[in-house]
Each structure stands twice: as C-alpha cells, then as structure tokens.
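The values are calculated or read from the model by the stated rules, or taken from the named source; none is laboratory data. Keep in mind that what you see is a predicted model, and the values were worked out from it rather than measured. Cβ sites come from the backbone with ideal geometry, for glycine too, and all protein chains shown count toward neighbours. Please note that ligands, DNA and RNA were not included when accessible areas were found on the heavy atoms of the full protein model with its side chains. Shrake-Rupley method; radii C 1.70, N 1.55, O 1.52, S 1.80 Å.
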Amino acid sequence: MRLQRWLLALVVLFLLSSASRADDIPAKITAAKGTFDGADTVVVFDSTDVTVADTGIGTNRCTRVVKVLTEAGVRALSVHRWDYDPATNTLELLPSRIHRAGGVEELNIKSAVVAPASAGIIFWGSQQTMLEVPGLKVGDSVELNWTKTGFNVAYLGDGGSGAGCIQPPMPGHWYDVVSWQEGVPVVEKRYAVTISKSKPLQYEVVNGEAGTSMHFDGDQAVYRFEKKNLPAFKAEPKMCSSGDVTCKLVLATVESWQHKARWFHEKNEPSFKTDDAIRAKVRELVGEPGDKKLTDEEKIATLNHWVAENVRYVGTSRGAHEGYTTHPAIETFHDRGGVCKDKAGLLVALLREAGFESYIVMTEAGARVEKTPADQFNHAVTSVRQKDGTLRLLDPTWLPKNREMWSSAEQRQAVVFGTPQGELGLQLSPYSPPAENAVTWRGEATLSSTGDMKGRMSVSTVGCPETSLRRGLSGIKPVDRSARFEESLRRLATGATLGSLTVTDPVDFSGPATVQMDYVAADYSVGETGQVYFRLPSMTGVLTDLVLPDVYDSAETSVKDRKYPARIRSTRRLDCEEVVTLPAGWRIVGQPSDTLIDNAAASMEFKVEPTDGQIRYRCKVELKKHIVPVDEYAGYKEVIDRLGALRIELVVCRREDQSAKR
C-alpha cells in the first residue's frame, strides 16, 4: 500500500512538473542570447527532480535543454547517449523535442537504440541508450526528458529485475553528488529532492554557493537548489581533480562515516572465507602462522606482491555482488582475476590466514572526499593491524612492478576502514615525504681534446621514481632494453651511443631499482677557435623520461598563473652529483650560475665547483607537495623552470693552445 501511494505521488509530481516546464522552456530559449564566449553549445535549462522512496531508491525526473550555437555544436548534439547499469537503474525516455525558429518538432523516442556499453577490462553489463537528433541547425534547441530510477551503486534483490527489485547498498538510505559546472556554459540549473520528513537529509554546497530552500509538503520534505549563469569550466594542465575546485552539492541520509564503515564491514565479511587451496598457498609463501623464518614485514610484502603479480585486473559481473561487495576470495583466488575490491578482498583473506588482523578499506583515488557521508569512492584497498595497534594501508592493485606496499601517489587520500566498530570514520592516508621518492644520481665523464665525451651514469631509485622505472621497463623485452636507453641518450646528444648497461630486473623486488650505463658522445663540445662550449651531461634530461617522467613538464611553463592547484604524481627528491674531467690546457671561463631556492612547495640547491682540470657540481631538488596550492605555485614553478633551464645552459672553456674544434 505504501509503495502504491509513493507511485501515485510520483505520477502527480511528474504531471505537474511537465506542465510547468513546457510553459517555461520556450521563454528560456528566447532569453538565452549571446555568444557565450565562443562556446559551441549552451545549456539553457537543466533540471533534476528526485523523489526518494522509503527504501532509499530514488527516481530522477530530468529535463535538459541545450541550444546549438555553431556547426560544431550541431555535430556534438546529433546523437544523445545515456549510460547506465541495468542492474542498478531503469531508464525511460519521455517525450522530447527540437525547438526551431519555425516551431516545435517532436523527436521519435521509439527509435532510440539500446546497446551494450563499450568495455575495456571491466565487463559489468553496462548499457547505453542512444537517440538520434536529426536535422539540427544553428539556433535550434534540443529538449530531452527522461526518468531514471535506481541508485548510483545498487544491488538486485531476490525475485528478478526491474525498478521494484532494485535495492540500494544500505537499505533505506540515499545519497547523491551533483556537479554544477560543465565544459559548456549553463544558464540555469536546478536540483530538487522530495523525501520523507522522517528521513533526515544532510547536505553541503562546497567550492561555491547555491540558492537553497526547504519546505514541508504533507509528510514529505522538499529541498531545492539552484544556480544560474555558470561559465564553462576550463581545465588547466596538470591540475587537481575538477571536483576539488568546482561547485558541487553533496547529499546523504547516512548518519556518519562511522555508520558507513560498519556497514562496509558487515557487507564484505562473508567474502573473506578461505579453502584448502588458499591455506596451502599461504603456507607455501610465508609458512605456518607463527613461523619465524620470515619477519612480519616480509610476510606482508610477500602476500601483497603475490596478489599484485598473480591476479589480473579484470572485472566480471556477479550481478548483485558488484559495486561495494567483493567477490568471494575463493573465487578470486581460483579465477586469478578481479578488480580493485576483489584483489583487496583476497589480500585480506590471505593476511588473516597468515595470522594477521586485516580489513578492507574504501578510498577515493585522485580526488577529495567531502565530510557529508555520501559515497564518494572509486577504489578499494587493504589494511593490516600493526604491533602498535594502528592500521597500515596496502594496495595490491597499484603494486605490480612496484616495491611500494602503499603507493606514494595515494598520499593524503581519504580512506574509510571497514572495521567491526567503524570507529575511525573518515581518515587521510599518510604523507609520503620527498626522501621516500628519491632519485640518487652519480655521474662521471671525460671530455677529450677533440670534443668527444665518454662517461658513466649510475642511478638508484626508491618510491615513485622506482615505480616509473620498473613499469617503464616491464613492457620491454630484455633484448630490446638497450635500444630504450639509447633512445634516452638522444637527450644528451643525437649521436650518443650506449656502451655497457646494467639495470635491475623489473620483478626483482629485493632492493631499489638501479641503472648503470656507459656512453660515448662524439663531438659533444662545440665552439670557435680557442673557446668551446658543452652542457653538463647529467642535467640534459637523460633518463628523466624513465625515472622522472612527470617532473620536467609538471609545471607547464606556458601557464604563468594558475586558477587551480597543480598536481603531480608524488613528492620527489633528485640528488645529482657529477664530475667532468677536462683536457689538459682547458680553462673554465663561464658556467651555469649557482642557485638556492627554498619555499613551501619546493626547494633547489645547485652549486658548481670548478677546479684545475675538472668541473664538479651538485643539484638537489625537493618537490614537497604532490598538490601545490595556487598561492604556492610561483615558488614551485621557479624550481621547475630553473631545473629545465639547466638542461641547455653551457659551460664555457678557453683552450690555451688556441686550437679549435668546430
């Protein structure tokens, strides 16, 4: 009976909202005038009315009106696509139309095509509905109407499919996250929620403001939010997640993150059961529980690496078990495949079998999580209890070809530990300082009187640079690796050739990844009679494409001022020392200037020490933050720009014998 009343209320709301929108839309289209900063399209009106049932399922009644401003806009709007998972949502297209200068033309929504959504490595049965919008011209406006019933991540209950069987992950609870800005201008955007007065709703508007109101309608509470005249969002190179800086609305009925954590624990606990095959594998890898042949750290690392290297990342559907629920560890172990939650769940099972206390963890990779306990997560990892009682994070998904048990790219990242009591709530992962993500570089080179350079570069890496090196080499056959290093040597000189090469096996995790290579660069120095010029070999960018691929371009020099924080993969340290031996009779008369920079985001110390017959220098750089605030960007950019300048700055020598090399 309660469901029938809810459906009747929904029908009435739909009819009323349809009538009011039909009257408003022509006027809104007429009022939407201007060039809108050269945009191809403009969103004239975007409205979502959500009705939340007592079960926690929401029905979204959506209207979107987009005006065509250019021929490129015609092409962009010629086909509209809705992506959804039929296990969690039902989609119904409602009467839609094209508003033209000469009148209104109804779209044939019955011609819409339903097809499987494209998939790469995750096959969860997602679908897409596509509707052709024919004959568009500049000045036309497309009005689309539809309803979507379900949940962002949900499960099918017993008894079949359809809206009546969809159940949210946390029965009775609802949430949503609404982004206000888009890549095109928006004239008006509305969002409304109708929900029982007995179901408290938390919400917050972050990174901006929105018009808000709430009123009662019988036994329902109606929340309304609105923003107008939103400019197109323009991303910047190497910026943080757009969701960290653009205005958004976060809503949830869940009381707290502690409640969320307890639910996450209860939902996933049944998945961590083991069988004889898993128990035998754990004994094979780390011995019996209490065995002292390996330290606890060695056992944890062994099990983490085993899952990382032996369970392929691939998503297969279990229907009701997708989203928040890990596949049973027994299935993942025997299938040797799963996504992050399945790999994390298997590691929980292996660690417990080895005698450790372990739990699964929710996290959001690459973006901030707001304080309202709406689901804002895209990743799952593992935790293990340490002797001091704290929980340590592990990530078998990011561990392949890597010695970082917890990736430095995931520092200061929101996490929710799925413990029985959920006592920790929302936490941040630890900071990873530059010393943990370091490149130690030693070079020695000899320049001949004819200008040829012979040298050796020795590089040792840990943390983020080590991961870059290992993964850069893992996809290259051993017989082809020399060619890859010769390619990097082109940064030193176009004719540079590789001599001997010693490099760590990408899957040998017994120690830091290292490179030692000997090289020859013919005609390295250039110059007129009596004066020659050359670059400092280890500052030319050799090997940076393998160990620091995101650093030399991390602060795009074309971006003088930023509106949004910059983001790089991790903090970093470069410690480079090199000595270049000169021919007899060569005297240094010019060199790159010493540099000393130290600010909140980065530091750099570069010092050259010329002596008789040699030039010795040291360059030490620290990138202290992986997300650089706008007000600290200038200092960060100063360090990166100086590092880039040293790639081309010259040492000048005078040849006392007055001979020349051209």
Rounded to whole Hz and in sequence order, give me ³J(HN,Hα) for region 124-141 from the Karplus expression 6.51 cos²θ - 1.76 cosθ + 1.60, θ = phi - 60°, writing x for Gly and Pro. 10, x, 5, 10, 9, 10, 10, 10, 6, 10, x, x, 5, 9, 4, x, 6, 10
Is region 188-274 best put as rounded, prolate or oblate by its Cα gyration tensor, with a ≥ b ≥ c the root eigenvalues, rounded for a/c under 1.5, and otherwise prolate when a/b is larger than b/c, oblate when not? oblate
Subtract the Cα-Cα distance of ASP276 and ALA72 from 0.36 nm times their separation in residues, and report this length gain in nm to one decimal. 67.4 nm
Could you state the angle between the C-alpha long axis of helix 257-268 and the longest principal axis of the C-alpha atoms of the chain, as a value from 0 to 90 degrees rounded to the nearest 10? 90 degrees
Once amide H atoms are built 1.01 Å from N in the peptide plane, which residues 5 or more positions from LEU536, or in another chain, come under 5 Å H to H? VAL651
In vacuo Debye sum over C-alpha of region 245-398, base-10 log of normalised intensity I(q)/I(0) at q = 0.11, 0.17 Å⁻¹, listed in q order, is -0.45, -0.98
Semi-axes of region 565-662's equivalent ellipsoid from the Cα gyration tensor, sqrt of 5 times each eigenvalue, largest first, rounded to whole Å? 35, 12, 10
Under 19 Å by backbone N from the virtual spin label 7 Å along Cα-to-Cβ at ASP37, the residues of region 203-218 are 207-210
At a probe radius of 1.4 Å, what is the per-residue accessible area of LYS607, in Å² to the nearest 10? 100 Å²
I need the shape label for region 24-129. Rule: rounded when a/c is under 1.5, else prolate if a/b > b/c, else oblate, with a, b, c from the alpha carbon gyration tensor. prolate
For LYS67, go through the lysines and keep the ones whose alpha-carbon is under 30 Å away, minus same-chain ones fewer than eight residues off. LYS28, LYS33, LYS110, LYS137, LYS148, LYS189, LYS227, LYS228, LYS234, LYS248, LYS563
Taking a probe of 1.4 Å, how large is the accessible area per residue of the chain, in Å²? 44 Å²
Any idea what the dipole of region 476-626 comes to, in debye rounded to 20, about its Cα centre with Lys/Arg Cβ at +1 and Asp/Glu Cβ at -1? 580 debye
Contour minus Cα-Cα distance for SER510 and LYS110 (0.36 nm per residue): 137.8 nm
Accessible surface of the chain [probe 1.4 Å, protein heavy atoms]: carbon and sulfur percent: 52 percent
Just to be sure I understand the model, the point goes 7 Å from the Cα along the line to the Cβ. What's the resulting GLN127 to GLU298 distance in nm? 5.5 nm
List the pairs from LYS267/LYS341; LYS341/LYS387; LYS238/LYS637; LYS197/LYS260 whose alpha-carbon separation is above 18 Å, in the order I gave them. LYS341/LYS387; LYS197/LYS260
Nearest-ten-degree value, helix 296-310 long axis tilted from longest Cα axis of the chain: 70 degrees
Compute, for ASP217, the solvent-accessible surface of its heavy atoms (probe 1.4 Å) with the complete set of protein chains present, and express it in square angstrom to the nearest 10. 100 Å²
For region 491-538, using Cα atoms only, the Rg and Dmax in Å read 15.9, 52
For ASP83 and ARG392, what is the calculated FRET efficiency with R₀ set at 51 Å and r taken between the beta-carbons, to the nearest 0.05? 0.90
Between ARG471 and GLN421, what FRET efficiency comes out of the Förster formula 1/(1 + (r/R0)^6) with R0 = 41 Å and r the beta carbon distance, rounded to 0.05? 0.60
Would you mind getting me the FRET efficiency between GLU266 and SER118? Use the beta-carbon distance for r and R0 = 45 Å, nearest 0.05. 0.85
Angle, helix 2-31 long axis vs. longest principal axis of the chain, Cα atoms, 0 to 90°, nearest 10? 70 degrees
How much length would be gained if the chain were fully extended between GLU656 and LYS197, taking 0.36 nm per residue of separation minus their Cα-Cα distance, in nm to one decimal? 156.1 nm
Backbone HN-Hα couplings from phi across region 567-579 [Karplus 6.51/-1.76/1.60, Hz, Gly and Pro as x]: 9, 10, 5, 6, 4, 7, 9, 10, 10, 10, 10, 8, 10
Hull surface divided by four, with the convex hull built on the Cα atoms of region 292-382: how many nm²? 7.1 nm²
Under the Karplus curve 6.51 cos²θ - 1.76 cosθ + 1.60, θ = phi - 60°, whole-Hz ³J(HN,Hα) for region 483-500, x wherever Gly or Pro sits: 5, 5, 6, 5, 4, 5, 5, 4, 5, 7, 6, 4, x, 5, 10, 8, x, 7
